[in-house]
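Here, each number is a calculation from the coordinates, and none is a lab measurement. Only a predicted model underlies this, so the values are computations on that prediction, with no experimental measurement involved.
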Amino acid sequence: MNDKKNPALTKEGNPVYSSTDTSKVKITDEDWKKILPADVYSIARQKGTERPWSSKLENFYETGTYYCAACGNALFKSDTKFESGCGWPSFYEPISKTSIIYTPDNSHGMKRTEVQCGRCEAHLGHVFDDGPPPTGLRYCINGVVLDFEKAKEAEKKYKEKPREQ
Ligand SMILES: [Zn+2]
């Protein structure tokens, strides 16, 4: 889904960051280290985990879109975010099928499914099957690797109208 009303997001000092370029990002770990802030690098590229309840996005319910903080890929819409009580921003559905990559993760003696950015393969978090309807899934995501872009006022009004489908 391309949102033509929003200009492409960019980030200073990060040449791969784009909310409109969907081509895969393949750069070396060395290069990631140069262009990402230390906290984003440690989670996105080294599969770190932020402390629970530490994200300002955890209790945050503005209308808009969440993007990968490493590459600008759109990941989640605010209307799929829910209060899971797990301490990390949680969503029940990604913005599209290709926005996320799923990988089995058997580390730490647990059977989990890791979720990564579909464009740059940044580690985002894990997905569990104890989420709310309609998907029953809980995407448990590190807030450090999410950028939030508020929806424009006009779009918000449009969304408040009853859906015609
Ligand atoms: Zn990414």
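Worth pointing out:
- Given 111/150; 47/97; 11/111, the pairs whose alpha carbons are separated by over 32 Å: 111/150; 11/111
- The chain: calculated mean residue ellipticity at 222 nm from DSSP helix runs of at least 4, using -39500 (n - 2.57): -3500 deg cm²/dmol
- Tensor-based shape of the chain (alpha-carbon gyration tensor, a/c under 1.5 rounded, otherwise prolate or oblate): oblate
- If the chain linking residue 29 and residue 59 were pulled fully straight, counting 0.36 nm for each residue of separation and taking away their Cα-Cα distance, it would gain 7.6 nm.
- A full extension of the chain between residue 83 and residue 108 corresponds to an added length of 6.5 nm, given 0.36 nm per residue minus the alpha carbon distance.
- Hz values of 3J(HN,Hα) by residue in the stretch 14-31 - Karplus curve (6.51, -1.76, 1.60), Gly and Pro given as x: 10, x, 8, 6, 7, 8, 10, 7, 9, 5, 5, 9, 10, 10, 6, 4, 4, 5
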